[in-house]
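*Asks:* Have a look at this one before I ask anything.
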Amino acid sequence: MPLLRIDRAAFHADIEALSRLTDPAQPWTRRSFTPLFLEGRAWLTERFAQAGLDVRIDPAGNLIGRWPAAEAATPVLMTGSHSDTVPGGGRFDGIAGVAASLAAVRAMRAAGHVPRHTIEVVDFLAEEPSDWGLSCIGSRGMAGDLGPRELALTGPGGETLASAIDRVGGSVAELSAARRTDVAGFLELHIEQGPVLETEGIPVGVVSAIVGIGRVRVRFAGLAGHAGTVPMAGRRDAGLALARFALAVRDEARRAGGNGHFTATIGVTRVEPGGANVVPGAAEAIVDIRAERDEAMARYVDTLHDVAAAAAAAEGCTVERIETLSLTTAVPCDEGLQAIIRAAAGRLGHATRPLASGAGHDAAFVARFAPSAMLFAPSREGKSHCPDEWTDPDALADAADALLGALVLRDSAPPFNA
Ligand code: HGY
Ligand code: MN
Ligand code: MN
């Protein structure tokens, strides 16, 4: 089997061009459903077509470039990632995978490869937490996981998610047609967004599992008052209950860390009424929890109830509400595809190492309807979701070559059915 390689110059040019479709005031931002996002989609549509792919947007809003096999009913070998970003951080997160998938298809076509599968390159809609409060919207649609509750979520200006999906080219009236049962395998290239590969000098990470993600909102109730006249003794300061809670969230996460990859973060807080001269009467936080093992997640979420009650009591406050906003289970990556990624990297002379993904990905939802696996390229200093996100171009191209090799190996290996 020939050892193919991508066209590095075209690959880097694609990433450069797409990443520059960004909010100039906040580099590398291209939020889903925005005009900038649609500019990126138009650019990708043109690139997919130039690569000889049949391009469509499915009812869930995913942009799909399709290279049909000789026989129409042939199962699909899917690859791709996402082109939307978090605020201020998306120079490589997502677009590296979309561009690598496109580069791999170009290389296969240039080499005269005749695919045994139908090959699809996908830009999934809204992988990042969107302004509607939901992430992985397009891949949820493919997995049949977008129901009335999700479609009724409202975003900027009160627009429903259903309306937003239609606005970007989807069609929620035909959402059931987005569900996939014809996919024999899915491979996603992504930047690691952590420090492991760079620290160990490993060019290709083979993802063993994608963590489960839990988001829990906690609201503390105290007693608002005048900051200057209420004595320090006996205050019921909800902001301090929140502060105690945040430290306990960190301490408990450190304790849970012995059971696989585990993190807990408070990135969103709110203190009410929010006046500099007012003792907070209420305070709210959202805890983002990541766990490689579901039992660690379950135990930690239970602990949060006790931790919140203790933090509230210590400040004379109460826990007004604690609710689990979302909870996904950890997703093991397909062993067969992991072996194929290792073999493809090995043929190129690239070392690999297994690692869990602390970040969520569309592959976690694709795994609900097809064997799925991911490969990582190193992130400089492990930075991501920030303007400094960077991956060395040649390191990224090495990982893209491994993706190309894995696609060719999987395409040439039975079973040729979903
Ligand atoms: O939040 C995540 O883990 C991913 O970057 N969407
Ligand atoms: Mn991200
Ligand atoms: Mn991502």
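Only the coordinates and a few stated rules stand behind these numbers; no lab work does. It should be emphasised that the depicted structure is a prediction, and the values quoted were computed from it without experimental measurement. Positions of Cβ are backbone-derived with ideal geometry, glycine not excepted, and every protein chain shown enters the neighbour counts.
*Asks:* May I ask for the Rg/Rh ratio of segment 56-206, computed from Cα atoms with Rh as the Kirkwood radius, given to two decimals? Walk me through the intermediate numbers first.
*Replies:* Working: Rg = 16.8 Å, Rh = 16.6 Å.
Radius of gyration relative to Kirkwood radius: 1.01.
*Asks:* Which one of VAL172, VAL408, VAL218 has the biggest mean-square fluctuation once the chain is modelled by GNM with Cα springs under 10 Å?
*Replies:* Looking only at VAL172, VAL408, VAL218, the biggest GNM fluctuation is shown by VAL218.
*Asks:* While we're on this one: With θ set to phi - 60°, apply the Karplus curve 6.51 cos²θ - 1.76 cosθ + 1.60 along segment 75-81 and write out the HN-Hα couplings as whole Hz, x wherever there is a Gly or Pro.
*Replies:* Running phi through 6.51 cos²θ - 1.76 cosθ + 1.60 with θ = phi - 60° gives x, 9, 9, 9, 8, x, 6 Hz.
*Asks:* For the chain, with a Gaussian network of springs between Cα atoms less than 10 Å apart, report the residue from GLY212, GLY267, GLY360 with the top mean-square fluctuation.
*Replies:* Result: GLY267 has the largest fluctuation of those listed.
*Asks:* Just rank TRP43, TRP132, fewest to most, by other beta-carbon atoms within 10 angstrom.
*Replies:* TRP43, TRP132
*Asks:* Over the Cα atoms of segment 151-280, what Rg and Dmax result, in angstrom?
*Replies:* Calculated on Cα positions, Rg and Dmax stand at 22.9, 68 Å.
*Asks:* Using alpha carbons only, how many angstrom separate the centre of segment 354-418 from the centre of segment 248-324?
*Replies:* Result: 32 Å between the Cα centres.
*Asks:* Now for a separate question. Can you compute the FRET efficiency between ALA351 and SER326 using 1/(1 + (r/R0)^6), with r the Cβ-Cβ distance and R0 = 41 Å? Round to the nearest 0.05. Please list the in-between numbers first.
*Replies:* Values: r = 36 Å, r/R0 = 0.88.
After rounding to 0.05, the efficiency reads 0.70.
*Asks:* Another question, then. May I have the extent of the alpha carbons of segment 1-87 along their three principal axes, as whole Å values ordered from largest to smallest?
*Replies:* 48, 34, 20
*Asks:* Out of ALA69, ALA100, ALA344, any idea which swings most in a Gaussian network model of the chain, alpha carbons joined below 10 Å?
*Replies:* Judging by the Gaussian network model, the answer is ALA69.
*Asks:* Please give the net charge around THR160, taking every other residue with its beta carbon less than 14 angstrom from that of THR160, where Lys and Arg add +1 and Asp and Glu add -1.
*Replies:* That sum, taken over residues with Cβ under 14 Å, equals -2.
*Asks:* Is it possible to state the helix-based mean residue ellipticity at 222 nm for the chain, with each DSSP H run of 4+ residues giving -39500 (n - 2.57), the sum divided by total residues, to the nearest 500 deg cm²/dmol? What is it?
*Replies:* After summing the helix terms and dividing by residue count, I get -10500 deg cm²/dmol.
*Asks:* A follow-up question, please. Please state, as a whole number in µm²/s, the translational diffusion coefficient that the Stokes-Einstein equation yields for segment 212-327 at 10 °C and 1.306 mPa s, with Rh defined as the Kirkwood radius across alpha carbon pairs.
*Replies:* Rounded to a whole number, D works out at 110 µm²/s.
*Asks:* Based on alpha-carbon atoms only, what is the radius of gyration of the chain relative to the globular estimate 2.2 N^0.38 Å?
*Replies:* 1.05
*Asks:* May I ask you to derive the FRET efficiency for ARG109 and GLU335 from their Cβ-Cβ distance with R0 = 41 Å, giving the value to the nearest 0.05? Intermediate values should be presented prior to the final figure.
*Replies:* On the way: r = 29 Å, r/R0 = 0.72.
E(calc), rounded to 0.05, equals 0.90.
*Asks:* Relative to the present Cα-Cα distance, how much length would full extension add between ASP306 and ARG167 at 0.36 nm per residue of separation?
*Replies:* Net length gain for the segment: 45.7 nm.
*Asks:* Efficiency by 1/(1 + (r/R0)^6): what FRET value for ALA13 and ARG368, r their Cβ-Cβ distance, R0 = 35 Å, to the nearest 0.05?
*Replies:* Numbers: r = 35 Å, r/R0 = 0.99.
About 0.50, to the nearest 0.05.
*Asks:* Among 15-25, 183-193, 309-319, what's the highest-first ranking by average C-beta atoms within 10 angstrom per residue?
*Replies:* The packing order, highest mean first, is 183-193, 309-319, 15-25.
*Asks:* Compute the Kirkwood hydrodynamic radius of segment 283-418, taking the inverse of the mean of 1/r over all pairs of distinct Cα atoms, and give it in Å to one decimal.
*Replies:* 18.3 Å
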